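Derivation of every value follows stated rules applied to the coordinates shown; laboratory data play no part. Keep in mind it's a predicted model, so treat the numbers as computed, not measured. Every residue, glycine as well, gets a Cβ built from its backbone with ideal geometry; the counts of neighbours run over all protein chains shown.
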Amino acid sequence: FFRKFNASAELEYIAPTAGYSCAYGLRLNFIHDFFLENLGLGLSIGVGEPDDEFECEMSCSITAMARLQYRATQWKLGDILYPFAYVDAGIATYMGDFLIFSPNVGLCLEINEKHSVDVVVGYTKQDDNGALRLAVGYDF
C-alpha cells in the first residue's frame, strides 16, 4: 500500500507573541500516490521537544496529521531539482491538545529515483496563533 516512506527532521519555531516557544522534532511521513500523477495522501507522525522558555504541560510533543502532497516533477531544473507543496492537518499534544493546520512549500533535490533531500518552509496554524516552520527531510 505505501510506496513512499519519507523521514524528516524538522525545526519548528512558535511565535513568541503567541506565548509559545520553539519546538524541535523528528517527523515520519507515510505517503501513498493515488489517482493523479505526483499527488499523494498519507499520514505524518511526529515527536518533538518544546523549549523550556515557557511552562509546558508535557515534556515532549506528539503530532498526528493527515498529509496531502503535490510534487511538481514536471518542472524539474537540471533533472534533479523540483518544487513541491503539502498541507498537514491534525492534532498536537504539547501545551494542551490542539488542532494544527500547516501549509508548506519546498524544493526537492533528487539523488536518484528513490532518494531525495527536501528543504521546506511553511506556516503552522494552531488555534488562533501561527508560527514559521522550517524542515529538512530525506526521502527513501
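Tabulated data
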{"item": "Length added when fully stretched, ALA72-ILE45, from 0.36 nm per residue minus Cα-Cα", "result": "7.4 nm"}
{"item": "Overall form of segment 61-128 per C-alpha gyration tensor (a/c, 1.5; a/b vs b/c)", "result": "prolate"}
{"item": "Interchain or long-range residues, amide H under 5 Å from ILE111's placed H", "result": "SER116, VAL117"}
{"item": "Pair CYS60, ASP128: separation of 7 Å Cα→Cβ label points (nm)", "result": "3.2"}
{"item": "Distance between modelled label sites at VAL136 and LEU107, nm, 7 Å Cα→Cβ extension", "result": "1.4"}
{"item": "Karplus 3J(HN,Hα) series, Hz, for segment 66-82 with 6.51 cos²θ - 1.76 cosθ + 1.60 (x for Gly, Pro)", "result": "7, 10, 10, 10, 10, 10, 8, 5, 6, 9, 5, 9, x, 6, 9, 10, 8"}
{"item": "5 angstrom amide H check on LYS76, placed H, neighbours 5+ away", "result": "none"}
